[in-house]
1. Where in segment 222-299 are the helices (runs of 4 or more DSSP H), entirely inside, with at least 2 residues that are at negative phi and among the charged types (D, E, K, R)?
2. Restricting to segment 118-135, and then to whatever is open to solvent by less than 90 Å² (accessible area, probe 1.4 Å) and closer than 30 Å to F223 by Cβ, can you tell me which residue is modelled with the lowest pLDDT?
3. Look through segment 265-290, keep the residues that are more than 27 Å from G122 (Cβ to Cβ) and open to solvent by 40 Å² or more (accessible area, probe 1.4 Å), and return whichever of them is nearest to the chain's Cα centre (by Cα).
4. For N78, work out the one condition from (1) modelled with pLDDT under 90; (2) surrounded by fewer than 15 Cβ atoms within 10 Å (Cβ to Cβ); (3) in a helix (DSSP H, G or I) it doesn't fulfil.
5. Which members of segment 186-223 meet the condition of being at pLDDT 90 or above and either among the basic types (K, R) or open to solvent by 70 Å² or more (accessible area, probe 1.4 Å) (or both)?
6. What number of residues in segment 224-257 are of a type outside the set (K, R) and open to solvent by 50 Å² or more (accessible area, probe 1.4 Å)?
7. So which of R43, R51 is free of Cβ contacts under 8 Å to residues at least 60 places away in the same chain and in a loop (DSSP other than H, G, I, E, B)?
Amino acid sequence: MTSRLPSLNGLRAFEAASRHMSFTLAASELNVTQTAISHQIRRLEEELGVRLFIRQNRSLSLTPEATEYLPGVRAAFNDLRLATDRLLRRDDDHVLTVSTLASLAAKWLLPRLSAFQEAHPGIDVRITTSTSLVDFQRDKVDAAIRYGRGQWAGLRADWLMADELFPVCSPSLLQGNKPLKSPEDLRDHVLLHTGNANSDDWRLWLTAAGLPTDVSKQPGITFDILFVTIQAAIDGIGVAMGRTSYVQDDITKGRLVVPFKIALPADAGFYLVSPQGRPDAAKLSAFRSWLGAAAHTAP
């Protein structure tokens, strides 16, 4: 006896509503009305002869039967997405799209990327920069370099490198009328700050150095991108709080110096992340291997 597949629209509505636990959010995702979602799920329940949702006043929950059914439905849709993605991107098999932070791209990744291109001339690398987390189901991105502790649901995370926090400045600031010789001398210099995720770096380092944190509140300059903050330090405008991955190359080439020996270990690091459970394309495998080695070598 041949089994009949239930309504595809009903299955899509069920999968989306189960993921959001909301008919309203499922309707928004699928670009239909909430009434349509409700109708599609009711029809699916009738086709299956099984109740899928327990509807309450302001909440939604799955029945035991739906909880058992959902993983198979979700896996089927994931297989469809992957198959469609492979079909539509067949001409892009040689294109590798990587997302990362703009500052990390400028100060660390780009100086090293030519080595990857020389080793893999058949792979066209495309770098996108964003402060937002990549949605691998929505965005056309193969992998991302992400900062954190390596624990992201549904993602494979390969460790790259850690950072330390420490002040950096132009060599010119070590001389002059107000030479920078000890942490206390920071009171005589302009402090360069970076907003958003790095806004607390100065306070953390000053605490480790045994200095009052109000030093970080003296008049200074704040930038929204760490790359620009580091460039201002190179130009001698003031003292910046550096992170190893962003300043190591400039230190090596003499554009920046580290005036003090106090460094603060960061509690996180950089990872290469990609969808978990998705077979690696050859281009991604090659990039992962190269990036892991590049994280421990100079450009």
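The values are calculated or read from the model by the stated rules, or taken from the named source; none is laboratory data. Computed from a prediction, not measured in an experiment: that's the story for all the values here. Cβ sites come from the backbone with ideal geometry, for glycine too, and all protein chains shown count toward neighbours. Ligands, DNA and RNA are stripped out before the accessible areas are found, and what is left, the full protein with its side chains, is counted by its heavy atoms. Shrake-Rupley method; radii C 1.70, N 1.55, O 1.52, S 1.80 Å.
1. Answer list for segment 222-299: 244-252, 282-294.
2. The selected residue is S132.
3. Looking only at segment 265-290, we keep the residues that are more than 27 Å from G122 (Cβ to Cβ), and these are 265-269.
From the residues that got through so far, the ones that are open to solvent by 40 Å² or more (accessible area, probe 1.4 Å) too are 265, 267.
Numbers: P265: 20, D267: 16 Å.
In this case the residue turns out to be D267.
4. (2)
5. Of everything in segment 186-223, those that are at pLDDT 90 or above and either among the basic types (K, R) or open to solvent by 70 Å² or more (accessible area, probe 1.4 Å) (or both) turn out to be R187, D188, T222.
6. First, the residues of segment 224-257 that are of a type outside the set (K, R): 224-242, 244-252, 254, 256-257.
Still in the list and also open to solvent by 50 Å² or more (accessible area, probe 1.4 Å): 224-225, 227-228, 231, 235, 237, 248, 252.
Residues meeting the conditions: 9.
7. Details: R43 fails: in a loop (DSSP other than H, G, I, E, B).
Being free of Cβ contacts under 8 Å to residues at least 60 places away in the same chain and in a loop (DSSP other than H, G, I, E, B) holds for just one of R43, R51, which is R51.
Yes or no, residue by residue, for (1) at pLDDT 90 or above; (2) open to solvent by 90 Å² or more (accessible area, probe 1.4 Å); (3) within 21 Å of L5 (Cα to Cα):
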residue	(1), (2), (3)
A36	yes, no, yes
H39	yes, yes, yes
R42	yes, yes, yes
E45	yes, no, yes
G49	yes, no, yes
F53	yes, no, yes
N57	no, yes, no
T63	yes, no, yes
